[in-house]
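Here's the structure we're looking at; comments come further down.
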Amino acid sequence: MLKFFRQADPETKHISKAAEVFQKTLRVLKKKVKQRYNQEKLDVAFSKGLYSFAWHYFWTHFMFLFVRQNPRWGAANTALVRWLPAEYEDGESEPKGWNPERLHNGFQLPPARTVSREIMTSASKWKDDSYSQLLVDWGQYISHDITLTPQSTSTDGSGVDCLKTCENVHPCFPIQLDDKRSPAQSCMPFFRSTSDCFVNFQSGIRQALQRQQLNAMTSFIDASAVYGRDLKLESFLRDLPGRNGKLAVNARFKDPKGRPYLPFVTKLPSACHQDLQGERVECFSAGDNRVSEGLPLTSLHTLWLREHNRIAEALKHINGHWSPEMIYQETRKIIGALHQIITLRDYAPKIIGPESFKDYIGPYRGYDPSVDPSIANVFATAAFRFGHATISPILYRLNESFQEDERFPHLRLHNTLFSPWRIVKEGGIEPVLRGVIGSAASAVSADMLLADEVTERLVVLDTLKQMDLAALNLQRGRDHGLPGYNDWREFCGLQRIKTLDDLSLAVGDCRVAKRILDIYKHPDNIDVYPGGLVERLLPGSRTGPLFACLIGRQMKVLRDGDRFWWEADGVFTQQQKEELLKFSLSHLICDNSDIGEVPPDPFRLGNYPSHYVSCDQIPSMNLVAWKEEMGEDNKNNTMFFDATEREMLHEFIIKFK
Ligand code: HEM
Ligand SMILES: [Ca+2]
């Protein structure tokens with residue numbers, strides 16, 4: 001089912017189809033040449049011009065499939081960018097480990113599942129008493145705003161069924177099992193990410209033609225998880241018949257107090273789990289189709305839906321002359337800004353720590369058009385997946401007194417995935433929301449990384465096999481050709497690891513360091529995901545120095561390369577900015593749920609009731625700052641903005657469509 005939610009939409013498929021054809025062309029040409037030359041000559045032949053030939057051939061035959069008139073940084077369906085060139089086993093597309101006999105620095109690479117079991121899986125997790133589970137869930141939520149790497153399907157490419165084969169055949173790269181779970185299962189299925197024809201000629205012809213992966217979301221923090229990334233989905237999500245600037249809500253169910261839920265998907269019956277009693281509850285739809293993956297994630301989406309409609313209602317009241325389109329766009333602009341504020345002001349400093357925040361992000365100095373705001377491959381595929389080590393194996397559900405809810409008890413995580421019925425039929429989003437603000441995040445330490453709930457019991461319905469998230473992340477890194485841990489350390493100005501002592505120092509636990517070197521045999525073979533994850537955390541952070549650097553750099557470009565960043569000149573008035581800054585996730589919860597008491601900063605864990613305050617003590621935005629005086633120009637309901645503002649709004653709309 002996870003695969004189901006990560007499949008490409010038609011536009012993405014179109015682009016990746018072209019890329020598949022190109023990759024295939026290269027493979028066929030290479031095979032032909034191989035029949036005539038030995039490997040050494042082959043390499044020479046390739047460097048001498050076969051690539052140029054392949055590219056020329058591809059350009060003349062297939063380029064029409066995907067040329068884009070205006071390639072735009074950060075737009076949906078563009079390539080994840082490379083901060084370091086890709087490293088594939090065959091130079092252009094085969095992942096490291098594709099040929100298991102191949103030696104790297106004199107040693108075979110350990111299979112992903114072995115690394116997961118030996119280093120990353122943990123049967124228990126400590127609690128992180130500083131932060132609530134909401135910090136973890138915001139990480140997942142915002143990752144879905146900025147990145148979605150679509151995967152191939154069995155019907156792509158060679159037509160091999162990746163659910164059935166345990167061989168490496170494009171697009172399948174199965175995870176081999178060293179612990180045969182059942183005689184019938186010797187591997188976990190793995191679909192390679194779809195590829196994009198990203199051509200970077202500045203880096204030389206060989207690198208220019210390497211396999212690249214797509215980001216199907218807008219990289220900007222722009223609430224695309226609320227509004228969608230294309231016009232068709234956006235129109236579906238809007239309440240267009242209502243002519244009120246609002247988002248559409250669920251037509252079948254409401255919460256116990258009459259508050260709305262997200263609409264269901266249209267393709268029925270949907271793949272989500274069902275409560276066997278009573279009516280079906282389908283998967284929800286939102287701007288991002290992973291919305292039903294977990295209950296906290298669904299609850300956050302639901303809060304934003306309600307917040308949009310709340311603000312739209314207020315703006316309509318304040319500016320009676322505004323058209324529904326105007327109300328919708330202005331509300332969307334506000335919601336986008338609020339996502340940016342929560343992420344950069346409240347979330348990022350807690351993740352990378354105050355020092356790294358200062359070093360890598362620093363104060364805002366305005367929009368910089370030379371900055372590429374695209375998501376980096378290493379960020380999506382390794383660094384920001386640090387969050388998987390903070391997933392709690394238990395989903396806590398709490399009652400009005402922030403105690404275990406007798407009617408709706410805590411649940412093992414695997415019983416909550418893709419189960420929106422637990423929201424609709426088990427008390428709404430409140431028990432889940434109280435659980436995420438009232439329970440501790442899971443702590444990360446080198447010897448306790450990913451909970452076995454996600455390495456042994458990750459739900460994948462369509463295969464009836466349980467997946468391993470740690471192994472998936474690692475295999476995905478190899479699928480994407482990510483360079484190793486040491487190369488990324490060097491990229492970030494950190495010392496390369498040469499010896500066991502170096503590694504012990506970086507990890508802060510010599511037993512774990514030894515286990516890693518025993519498995520990998522050579523420090524240059526360590527994959528970036530486990531390497532970055534085991535590093536000793538920086539003070540006041542939830543990441544080690546490598547991931548702090550990679551996440552910090554990504555956040556900085558997302559901010560500085562965004563022309564519509566909330567602080568950028570001309571986006572909001574000074575008065576509006578002051579109001580936006582009053583917003584907090586506490587207020588989002590207060591305004592859109594039945595919860596009446598919250599901690600002022602819900603990312604921080606506090607005891608109930610001593611660290612909680614009543615909702616009326618939480619500052620709130622005054623939307624009167626958006627009141628537009630009716631001047632001579634706009635009395636006739638045609639001029640809402642001056643010329644510059646209109647031009648900006650237009651650009652804003654174009655950017656998000
Ligand atoms: C219950 C919680 C979560 C579950 C079940 C989950 C599950 C998954 C799965 C199945 C994938 C795709 C793996 C692959 O095939 O490559 C994924 C990708 C990812 N996850 Fe999570 N995740 C969770 C929480 C988080 C958190 C807390 C974060 C960050 C703080 C996070 C960040 C990411 C990122 C950045 C990706 C890559 C997205 C892409 O580019 O497609 N996830 N997650
Ligand atoms: Ca986005």
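The values are calculated or read from the model by the stated rules, or taken from the named source; none is laboratory data. What you are looking at is a predicted structure, and each value in this text was computed from that prediction instead of being measured. In this analysis, Cβ positions are derived from the backbone assuming ideal geometry, glycine residues included, and neighbour counts consider all displayed protein chains. Areas reflect the complete protein model, heavy atoms only, side chains present, ligands, DNA and RNA absent. Shrake-Rupley method; radii C 1.70, N 1.55, O 1.52, S 1.80 Å.
For the range 453-474, the set of residues classified as hydrophobic (A, V, I, L, M, F, W, C), open to solvent by 50 Å² or more (accessible area, probe 1.4 Å) and part of a helix (DSSP H, G or I) consists of Leu461 only. Considering only residues in the range 364-395 that are of a type in the set (S, T, N, Q), under 21 Å from the mean Cα position of the chain (by Cα) and not in a helix (DSSP H, G or I), the one that is farthest from ligand 2 (Cβ to nearest atom) turns out to be Ser392. Taking the criterion of being over 20 Å from Asp447 (Cα atoms) and under 30 Å from the mean Cα position of the chain (by Cα), the residues of the range 493-524 that qualify are Gly493, Leu494, Gln495, Arg496, Asp524. Elements of the type helices (runs of 4 or more DSSP H) sitting completely within the range 526-628 and holding at least 1 residues that are more than 30 Å from Cys510 (Cβ to Cβ): these cover 545-560, 574-580, 585-592. In the range 525-556, which residue that is of a type in the set (Lys, Arg) and over 24 Å from Lys127 (Cβ atoms) is most open to solvent (accessible area, probe 1.4 Å)? So, considering only residues that are of a type in the set (Lys, Arg) and over 24 Å from Lys127 (Cβ atoms), the one most open to solvent (accessible area, probe 1.4 Å) is Arg553. Looking only at the range 571-610, residues that are more than 30 Å from Arg434 (Cβ to Cβ) and in contact with a helix residue (DSSP H, G or I) (Cβ under 6 Å, 6 or more places away or on another chain) come to 2 in all.
The residue pairs whose first member lies in the range 139-151 and is among the small types (Gly, Ala, Ser), whose second member is within 14 Å of ligand 2 (Cβ to nearest atom), and whose beta carbons are closer than 9 Å, counting only pairs six or more residues apart or on different chains, are Gly139/Phe384; Ser143/Ala380; Ser143/Phe384.
For the range 210-220, a tally of residues being more than 10 Å from ligand 2 (Cβ to nearest atom) and open to solvent by less than 10 Å² (accessible area, probe 1.4 Å) returns 5. Scanning the range 495-505 for residues that are in contact with a Leu (Cβ under 9 Å, 6 or more places away or on another chain) and open to solvent by less than 30 Å² (accessible area, probe 1.4 Å) yields a count of 2. Taking the range 581-604, which residues are closer than 16 Å to Asp137 by Cα and open to solvent by less than 50 Å² (accessible area, probe 1.4 Å)? Those that are closer than 16 Å to Asp137 by Cα and open to solvent by less than 50 Å² (accessible area, probe 1.4 Å): Ser584, Leu585, Ser586, Leu588, Ile589, Asp601, Pro602, Phe603. Here Phe652 meets each of (1) open to solvent by 60 Å² or more (accessible area, probe 1.4 Å); (2) at pLDDT below 95 with one exception, condition (1). Take the conditions (1) modelled with pLDDT under 95; (2) within 16 Å of ligand 2 (Cβ to nearest atom); (3) small (Gly, Ala, Ser); Ser143 misses just one of them, which is (1). Exactly one residue among His273, His308 is within 16 Å of ligand 1 (Cβ to nearest atom) and of a type outside the set (Val, Ile, Thr), and that residue is His273. You will find that of Gly481, Gly508, Gly477, the residue that is at positive phi and surrounded by 24 or more Cβ atoms within 10 Å (Cβ to Cβ) is Gly481 and no other.
Name the residues in the range 434-455 that are of a type in the set (A, V, I, L, M, F, W, C) and over 21 Å from the mean Cα position of the chain (by Cα), would you? Residues satisfying the conditions are Ile437, Ala440, Ala446, Met448. Taken over the range 316-331, the criterion of being of a type in the set (Gly, Ala, Ser) and within 36 Å of the chain's Cα centre (by Cα) is satisfied by Ser323 alone. So in the range 203-218, with the set limited to residues that are closer than 24 Å to Val265 by Cα and assigned to a loop (DSSP other than H, G, I, E, B), which one is nearest to the chain's Cα centre (by Cα)? Top of the filtered list is Met217.
A single entry from Glu167, Glu89, Glu94, Glu118 fulfils the requirement of being part of a helix (DSSP H, G or I) and more than 13 Å from ligand 1 (Cβ to nearest atom): Glu118. His388: open to solvent by 10 Å² or more (accessible area, probe 1.4 Å) and within 13 Å of ligand 1 (Cβ to nearest atom), yes or no? Yes. Pairs please, first residue from the range 228-240 and touching a residue at least 24 places away in the same chain (Cβ under 8 Å) and closer than 13 Å to Val265 by Cα, second anywhere and among the β-branched types (Val, Ile, Thr) and within 15 Å of ligand 2 (Cβ to nearest atom), Cβ atoms under 9 Å, 6+ apart in sequence or on different chains. Partner pairs satisfying both residue conditions: Leu237/Val226. Taking the range 221-318 and the helices (runs of 4 or more DSSP H) fully enclosed by it, the elements with 1 or more residues that are of a type in the set (Val, Ile, Thr), within 27 Å of Gly435 (Cβ to Cβ) and open to solvent by 10 Å² or more (accessible area, probe 1.4 Å) are at 224-227. Restricting attention to the range 173-193, the residues that are modelled with pLDDT of 90 or more and either open to solvent by 20 Å² or more (accessible area, probe 1.4 Å) or more than 13 Å from ligand 1 (Cβ to nearest atom) (or both) add up to 3.
Looking across the range 211-257 at every residue that is farther than 15 Å from Leu305 by Cα and among the charged types (D, E, K, R), the one that is nearest to ligand 1 (Cβ to nearest atom) is identified as Arg229.
Comparison of Glu426, Glu490 shows that the only residue that is more than 23 Å from the chain's Cα centre (by Cα), away from ligand 1 (no atom under 12 Å from the Cβ), in a loop (DSSP other than H, G, I, E, B) and surrounded by fewer than 24 Cβ atoms within 10 Å (Cβ to Cβ) is Glu426.
Among the residues of the range 514-524, are any in a loop (DSSP other than H, G, I, E, B) and surrounded by 24 or more Cβ atoms within 10 Å (Cβ to Cβ)? Looking for residues that are in a loop (DSSP other than H, G, I, E, B) and surrounded by 24 or more Cβ atoms within 10 Å (Cβ to Cβ), one finds none in the range 514-524, hence no.
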